[in-house]
1. Could you check the stretch 172-184 and list, in sequence order, the residues that are farther than 17 Å from Phe250 by Cα and touching an Asp or Glu at 6+ places or on another chain (Cβ under 9 Å)?
2. Checking the condition over 16 Å from the mean Cα position of the chain (by Cα) and modelled with pLDDT of 90 or more, which residue from Ala75, Ala43 passes?
3. Name the residues in the stretch 38-88 that are within 17 Å of Cys171 (Cβ to Cβ) and of a type in the set (Phe, Trp, Tyr), would you?
4. List the helices (runs of 4 or more DSSP H) that sit entirely inside the stretch 24-128 and contain at least 1 residues that are within 21 Å of Tyr256 (Cβ to Cβ).
5. Return a yes/no flag: does the stretch 88-95 have any residue that is out of contact with any Ser or Thr (no Cβ under 7 Å at 6 or more places or on another chain), among the aliphatic types (A, V, I, L, M) and without any contact (Cβ under 8 Å) to a residue 40 or more places away in the chain.
Amino acid sequence: MEAGLINWLRLGALGIIWGSSFMAVTVAIRGFGPITVAAGRIALGAIILLLLVRVMGVKLPTMRGSEGRKVWLAALGFGICSMALPFFLLSWGQGYVTSGFAGVTMAAVPLLVLPLAHFLIKGEQMTGRKVFGFLIGFSGVVVLIGLDAFKSSGAGLEPLARLACFGAAACYAFGSIITKLAPKVDPFAFAATATTLAALIIVPAAILLEGVPQEWPAVPLLAVVFLGVVPTAMANLLLVSIIRSAGPSFMSLVNYQVPVWSVIFGALFLSETLPARTYIALALILLGLAISQRWKRAKLPVRQP
């Protein structure tokens, strides 16, 4: 399956967008609980996507017939696996493990997608080149985060929290597979449907677990708004388009870029120290990308979603 220049550009944009979300979350959780932040960004993203499809004149998928029910079931699976459930697992898990450990587990997404796509997606069979490239890229993420991320925090629930973080990575992998296997519908409509269903799940959970916020500090609120508009609404559109056009294995490569961008944004806007190993990590990540998804000279035009 060809990636093509347009999908490489989409992938790069998605990496920057998701990388910036860590900086925004750091600001947002200064005024709101972590699950409330997740619920706020998903709910706002759903509202934006619903308004967008209405302005564009795009109709949401019908629930009539077996094909329509399959679309809604796929959207529900995507909403749960790519938004509601992993946001909850990471929010809870990071209360007991280091944020570095949680970041490293996200780099496991491509490794989890690889065997899933091999058995479930036609044309996504594993090759030695793909495995080698993924491992090189993963080593770059480990260098970036540092092995000290795996040091125990001493919390009694840490083993379960580690499982929760890896569970979130598995959720993202399954979400990619679900999107690729879903019946072909308009990407805008699918993203809007999935995000709305995720909001209907996570918002009640946030109210139940953290209650309705009593205060609404301006700067954290702006961060939540940014998270809803860019890393949720806009990113979901890019995510669905990439998976439909280039496949889940290609899309999962974004997980190698996110840690790099998160460190860069933290250094630029939050005055966080940029470690020297970042440059070594960046080289390894780019090498892994080049090996696992080498450019192919094809006479066929790039397929658009």
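The values are calculated or read from the model by the stated rules, or taken from the named source; none is laboratory data. Bear in mind the structure is a predicted one, so any value in this text is a computation, not a measurement. When we count neighbours, we look across all protein chains shown, and the Cβ atoms used for this are built from the backbone with ideal geometry, even at glycine.
1. Correct list: Pro183 only.
2. Values: Ala75 fails: over 16 Å from the mean Cα position of the chain (by Cα).
Within the list Ala75, Ala43, the selection yields Ala43.
3. If the condition is that a residue be within 17 Å of Cys171 (Cβ to Cβ) and of a type in the set (Phe, Trp, Tyr), then Phe78, Phe87, Phe88 are the ones that fit.
4. Working: elements: 34-56, 65-79, 85-93, 99-106, 109-120.
It comes to 85-93, 99-106, 109-120.
5. Of the stretch 88-95, the ones out of contact with any Ser or Thr (no Cβ under 7 Å at 6 or more places or on another chain) are 88-95.
Among the residues that remain, those that are also among the aliphatic types (A, V, I, L, M) are: 89-90.
After this cut, where a residue has to be without any contact (Cβ under 8 Å) to a residue 40 or more places away in the chain as well, the list is none.
Taking every residue of the stretch 88-95 in turn, none turns out to be out of contact with any Ser or Thr (no Cβ under 7 Å at 6 or more places or on another chain), among the aliphatic types (A, V, I, L, M) and without any contact (Cβ under 8 Å) to a residue 40 or more places away in the chain.
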